[in-house]
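Report on the following structure.
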Amino acid sequence: MKCESTLLYLFLMFSAVSFCGCAATPAFIADQAWSENYAGMEGVQSNDPAVVDGDLKTIGQSQYVEPSSDIVQSHHASTESVILLPAPQSIHRVVMHSSNVEAFDIWVADNQGRWGRIEEIKSVKEEVIDIRLNRPVRTTGVKIRIRRTSDDAALRQKNTQRVRGWRIYTGHVKAPAKIAEIELYGFASKQDVEEPPSAFSQEEIDEQELDELLDF
């Protein structure tokens, strides 16, 4: 009877060890889930290279959209940062470092080069803006279109005048975003995920622990 109790105890201990070993693996993989920064790859192009140069100390800015023939619309033009990748990538995470962005949209290019909006960020509270998309989007281009910055009010006041009840615009009323860096990530491929460093496989470790328990 005592022997049977001992064997049952050892079986339960072995099961617990095996379960813990299996449970540790997903946690490790989760820490290694993101790919390299696609915006930092060779061959990437941007309408301001400073936002993809990999240096947080260099501050770039979003660029005004091509002006319209309508002067009023031109003065109200939005700004955007465009990143073109040398090859299609599946994007799941967008990180932007900015000190004045308050709201923006994320656009991506389809396989025919047409742009479509996939995310609308209405309120920004941090200088490091980390956005996880609902699903990975395979694309060769990502565009950050700025909707509002903390510098808009000052620029609007500077470039707006009232003459005999008319509002006259003398320049842009939407300020560019100050952007230190934009980063694009996908999920790491299986070959990019390193296995936990060990001289033995998990099965060998479990067998060794069982042998030690039996010897005890």
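The values are calculated or read from the model by the stated rules, or taken from the named source; none is laboratory data. As the structure is a prediction and not an experimental result, all values here were calculated from the model. Backbone-built Cβ (ideal geometry, glycine too); neighbour counts: all protein chains shown.
Results, tabulated for the structure shown:
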{"read-out": "Residue within segment 110-124 that is within 14 Å of ILE179 (Cβ to Cβ), hydroxyl-bearing (Ser, Thr, Tyr), assigned by TED's automatic domain parsing to the domain that holds ILE182 and out of contact with any Pro (no Cβ under 6 Å at 6 or more places or on another chain) present", "value": "no"}
{"read-out": "Positions within segment 67-100 being of a type outside the set (S, T, N, Q), closer than 27 Å to ALA154 by Cβ and touching a Lys or Arg at 6+ places or on another chain (Cβ under 8 Å), in sequence order", "value": "HIS76, ALA77, GLU80, VAL82"}
{"read-out": "Unique match (being β-branched (Val, Ile, Thr) and buried (at least 17 other Cβ atoms within 10 Å of the Cβ)) among VAL128, VAL163, VAL82", "value": "VAL82"}
{"read-out": "Strands (runs of 3 or more DSSP E) lying entirely in segment 42-157 (those with 1 or more residues that are at pLDDT below 95 and within 14 Å of the chain's Cα centre (by Cα))", "value": "128-149"}
